[in-house]
Structures are given as structure tokens and as C-alpha cells.
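The values are calculated or read from the model by the stated rules, or taken from the named source; none is laboratory data. Since the structure is predicted, the reported quantities are computational estimates derived from the model, not experimental observations. Here the Cβ is made from the backbone with ideal geometry for all residues, glycine too, and neighbour counts use every protein chain on show. With ligands, DNA and RNA removed, areas are computed over all heavy atoms of the protein, side chains included. Shrake-Rupley method; radii C 1.70, N 1.55, O 1.52, S 1.80 Å.
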Amino acid sequence: MHYTKNKLLIDRINVDRIIRKFGSPTYCYSYNKLKENILKFKKNFIKINPLICFAVKSNNNKTILNEIARLGVGADVVSKGELMAALKSKINPKKIVFSGVGKTYDEINFAVKKKILLINAESKSEIETILQVAKKINKTIDIGIRLNPNVDANTIKEITTGKNSNKFGLSEKEVINLINYYKTSKYLNIRCLSVHIGSQITSHIPYLKMLKTVQKIIDKSNFNFKYIDLGGGMGINYGQNSKELNYKKYSDKINKFVKKNKVNIIFEPGRSIVGNVGYLLTKIIYIKKTSKINFIIVDAGMNDLMRPALYKAYHRIIPTKKNKRKVSKRHDFVGPICETTDKFLSLNSYQKLDEGDNIVICDVGAYGKVLSSNYNLRVGANEVLIKNSKVFRIRKKERLESII
Ligand code: LLP
């Protein structure tokens, strides 16, 4: 993304032109960036040669998933819907893992029929349900058990998952008990120990603590896991604080761990693969000026992008036409939704803007479109992909009539 003659281009395509052709608001994704991120991720863990299972929850667009499949990546799914989307997008079932605390009998049955790699169970009751499915079809099912290592990921409170107050996974003790209980089962094959401690993690320290607990379980249980699934959570730089995860320190530690334990590593990254791949293009409908604030009212709302309202998440906002006329007054970028939290960003100054101008909300490829809703009975934003210098619509536009 850069400016040429003060006009914003994404992968050398003029952003205003995309809006003119596809309308607004529009989620716009860059294929180049997607490919670059996947290659970078592979490079960061090159010595480990992990199985990368993309967290479909972060972006479930079928075209994006299909591009990910072509780049050799698998999927981490958390519902039958995500599993169907992954399979339809030609992701290899032998590269799919199924996570989540509430998988139903029907979902487990479906996953087993589709011969996916692993079902990562999160409770004894869930293991019992898997057992029922196995007995019904008289087959052995490969499972993983998810550990909750009680580690603080030092991220946004709402997206931490590895503390004992969180609903995810099982304690060290419980995991060991379950391994001992089920390791001789005729119907269950424990293949994996999985763990995921949270999202938008920017320090390697919590990961090292997590690895320590994983090692403890291996030592105490004396059980040979084929896979260790270390989850995702790798943070990206949203531009507010420039702290970035030290991949080298994390991967060095995993290298040693792999050498010692002779296991295969699985990762479930979402944000680090698609976060900076997506932009939300939106048009300024009105500018409402009060004595203290200029409200920049755009045609995207919190129903299109929930992260700022939900987690006070920061997303950069940039204009599609740059100028040097600075307005030193508070600017609140807001949507049309009838909620005060329908606000994307508040800044103390901004360049001069006019009604009808377009702006771009950055780094929304992960947990952007997937978290959207029809709140206020609004149709979903368009989705387009830039690939090979062309722009393609990649999700059919919702019709107002079909959601009423
Ligand atoms: N694996 C499991 C089991 C997960 O629960 C998640 C994310 C991931 C992998 C992928 O994590 P990532 O690499 O994307 O950090 N809506 C929030 C994020 C919620 C993450 C939920 N789980 C947000 O907008 O920040």
C-alpha cells in the first residue's frame, strides 16, 4: 500500500477506483500480502517444518481459503460450518484439526466421516462423545487433548485463553489423568497434545512458559505424542505500539523441544496470516462538526468491523487522497449504527476531509468480516481480492430482501 501523486494504491490499484466499481463499504484483500505472510511464517519455523493449520475463524472467505490451500496450508476449524468451508475450498482433510469446547455429536460424526487429521478434545465429556461416535461406526478415532497451561499471554483480557479461569482446555493434572485413563482404549488413539493460550501475543515469554508445561506433561505421563499442536496467537503490528513477537527466540526453543521429544509440530495461526492482508474501504457520508469534535460519519459500521467496539482495538485509518491541510481538532471516525461504541478511532488532528471522500481502515483481514452482523438490518460489506493486478469480487453481495 502506498501513495502515488497523493492517491492511495493497494498493490498498484487505485483504491477510489475499487470503491467506484464495487461500492462501499468493501473489504479488500491483497493476494500478494497473503502469500508473503505464509512464506514468512514458514521461514520463521523452517527448521521445525510444522504443519500449518490456518485458523478459519479469523477469515472464512472461500476464495481466501482456497488460495491458502494452494499454498499448502491446512486448517484449524471450530464448527461444522468452518469444516465444510475448508473442505469446499479444497483444504486437504489430512491437514485439518478441529478445536473448540462445544463440539456436538453431529459435528464430531461429520468430522470423522470426512477423515480429518485430529479432533482436539477439551473435556472428558467431549472425549466420551467421541467414544460414542467411534463405537457406533466401530472405528478408532485419532484425538488430541487440549491443555490449559494456566499461563497469562499478556494480551487483551478478552482474548486470553490459557488461564485456569478460562473455559478452554484441561489442567496439567487432568490431562495426565485422561491420558492414563484412555491410552489403552480400543476406540481412541491419543495422537496429540494441543494448547493455545490466546491471541495477539507479542512476547515470546508466555510461549516459553507454555512449552515448559507441555514438556512437564510429556515427562510425567511418559506418553509418546505424535503431534504437539502449539496453537496460534502470534501478534501483528497494528501500528500503535511497535512491539513485535520475537519469532527467533520462540522457534529456537521449539527446535530444541522437537529434537528432545521427536514430535511433529502443528501451528494454528490466524491473525499472523491474514491480519494485514485486509482493508476496509469506506466512504464519508457526512461530517458533523460540534465545537469540540468533528464526527466523521462513514458508511461502514460496527456491524462491519466489531473489533474497536468489542475490544477497544486500534486500527489505523488513512485517507485515499492525501493532502497537507492539517485540521487540529479532535476527529471521531464513527459509523451509522445507533450505538455510542460504533466508533472506529478518535484522533486529535487529521488532514482536511470532505463529505464524499473515502478512507481506509487498515489491518482488518483477521476477525473483521467474520465478526460482522446484520445489526440495524444492514447488509454485509462486499469482499474483493486483488490478485495479479486485477480486482475480483469474492463474496456475493448480500441482498437486503433476503435478510429482511
Ligand atoms: N487456535 C485456537 C484454538 C484459537 O482459539 C484461536 C483463536 C486460534 C488458533 C488463532 O489465533 P490467532 O493466531 O488468530 O491469534 N476476535 C478476537 C480474536 C479471538 C481469537 C480466538 N481464537 C480479535 O478480534 O482479536
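When the label point is put 7 Å from the Cα of ASN164 along its Cα-to-beta-carbon vector, which residues of region 85-128 have a backbone N closer than 19 Å?
Backbone N within reach: 122-124.
What list of ³J(HN,Hα) couplings, whole Hz, do you get for region 217-223 from phi and the Karplus terms 6.51, -1.76, 1.60, once you set θ to phi - 60° and write x for glycine and proline?
So the J values, rounded to whole Hz, are 5, 4, 5, 5, 7, 6, 10.
Once every DSSP H run of n ≥ 4 in the chain is given -39500 (n - 2.57) and the sum is divided by its residues, what mean residue ellipticity at 222 nm do you get, rounded to the nearest 500 deg cm²/dmol?
It comes out at -8500 deg cm²/dmol, rounded to the nearest 500.
Mind pulling the per residue volume of the convex hull built on the Cα atoms of the chain? Å³ is fine.
It comes to 144 Å³ per residue, whole-number rounded.
What aspartates and glutamates does LYS292 reach when the alpha-carbon gap must be under 14 Å and sequence neighbours fewer than 8 apart in one chain are set aside?
Counting by Cα, and skipping residues close in sequence, LYS292 has these aspartates and glutamates nearby: ASP332.
Can you tell me the relative contact order of region 100-267? Whole percent, Cα pairs under 8 Å, sequence separation 6 or more.
Result for region 100-267 is 20 percent.
Roughly speaking, to the nearest percent, how much of the chain's 1.4 Å accessible area is carbon and sulfur?
For the chain, the apolar C and S fraction of the accessible surface comes to 50 percent.
In 10 Å bins starting at 0, how do the alpha-carbon pair distances of region 9-158 split up by percent?
10, 31, 31, 19, 7, 2
Rounded to whole Hz and in sequence order, give me ³J(HN,Hα) for region 93-99 from the Karplus expression 6.51 cos²θ - 1.76 cosθ + 1.60, θ = phi - 60°, writing x for Gly and Pro.
x, 6, 10, 10, 10, 10, 10
Just grab the label-to-label distance for LEU208 and GLU174, each label 7 Å out from Cα along the Cβ direction, in nm (one decimal).
2.9
Label SER125 and ILE156 with points 7 Å out from Cα along Cα→Cβ: what is the distance between them in nm?
Distance between the two pseudo-spin positions: 2.9 nm.
Which distance in nm do the two modelled labels at ASP16 and SER185 give, with both placed 7 Å along the Cα-to-Cβ direction?
Taking the two extended label points, one gets 6.2 nm.
Which ³J(HN,Hα) values, rounded to whole Hz and listed in residue order, are derived for region 329-346 from phi using the Karplus coefficients 6.51, -1.76 and 1.60 in 6.51 cos²θ - 1.76 cosθ + 1.60 with θ = phi - 60°, glycine and proline given as x?
7, 5, 10, 10, 8, 10, x, x, 6, 7, 8, 5, 6, 6, 9, 8, 6, 10
Take peptides 252-259, 315-322 and line them up by average Cβ neighbours within 10 Å, highest first, as a rough protection proxy.
Put in order of decreasing packing, that is 315-322, 252-259.
Work out the FRET efficiency for ILE46 and LYS226 from their Cβ-Cβ distance, taking R0 = 25 Å, and round it to the nearest 0.05.
0.75
State the extension gain, in nm to one decimal, for the chain segment bounded by LYS262 and ASN32, taking 0.36 nm per residue of separation less the distance between their alpha-carbons.
Residue separation times 0.36 nm, minus the Cα-Cα distance, leaves 79.3 nm.
Search the structure for amide H atoms under 5 Å from the amide H of ILE96, placed 1.01 Å from N in the peptide plane, and list their residues when 5 or more places away or on another chain.
Hits under the 5 Å cutoff: ALA75, LEU117, LEU118.
Once you keep just the Cα pairs under 8 angstrom separated by 6 or more residues, what percentage relative contact order results for region 1-73?
18
Ranking request for peptides 200-206, 67-73: highest mean number of other beta-carbon atoms within 10 Å first, then the rest in descending order.
Highest to lowest by the protection proxy: 200-206, 67-73.
Taking a quarter of the surface of the convex hull around the Cα atoms of region 198-257, what do you get in nm²?
Averaged projected area of region 198-257's Cα convex hull equals 4.4 nm².
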